[in-house]
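What follows is a single structure, written as structure tokens, with notes after it.
Read-outs: derived from the displayed coordinates by stated rules, not from any lab. A quick note: this is a predicted structure, and the numbers were derived from the prediction, not measured. Here Cβ is always computed from backbone atoms with ideal geometry, including for glycine, and neighbour counts include all displayed protein chains.
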Amino acid sequence: MTEFIIISVLITLFGAFLYWAYLPDYRRNPKEFWRTLIGMPIGMLLGGIGFNELNEQIKKWAFGEKNKKKTEK
């Protein structure tokens with residue numbers, strides 16, 4: 001029974017983290033939100049284990065080329 005309570009609390013905390021961490025991204029651009037939600041953790045994981053080139057490709061996919069063009073202007 002205590003394992004169930006611990007797992008429930010951890011899942012609730014993780015859900016709250018996702019809500020507060022990604023809510024500004026969702027408000028900024030709802031269409032690109034799923035790319036950000038999927039791409040950022042995978043990119044961080046790949047970068048952490050040494051696949052920097054794959055990390056850069058996922059960043060380009062997640063953020064798109066639009067953001068680069070906006071920052072260069």
Point to revise | Interatomic Cα distance distribution for the chain, bins of 10 angstrom, percent | key: 18, 35, 31, 13, 4, 1
Exercise for review: Under a 10 Å cutoff between Cα atoms, tell me which one of Leu54, Leu23, Leu13 has the largest fluctuation in the Gaussian network model of the chain.
Suggested key: Leu13
Check your understanding: What is the calculated FRET efficiency for Trp34 to Leu10, with r their C-beta to C-beta distance and R₀ = 22 Å, to the nearest 0.05?
Key -> 0.40
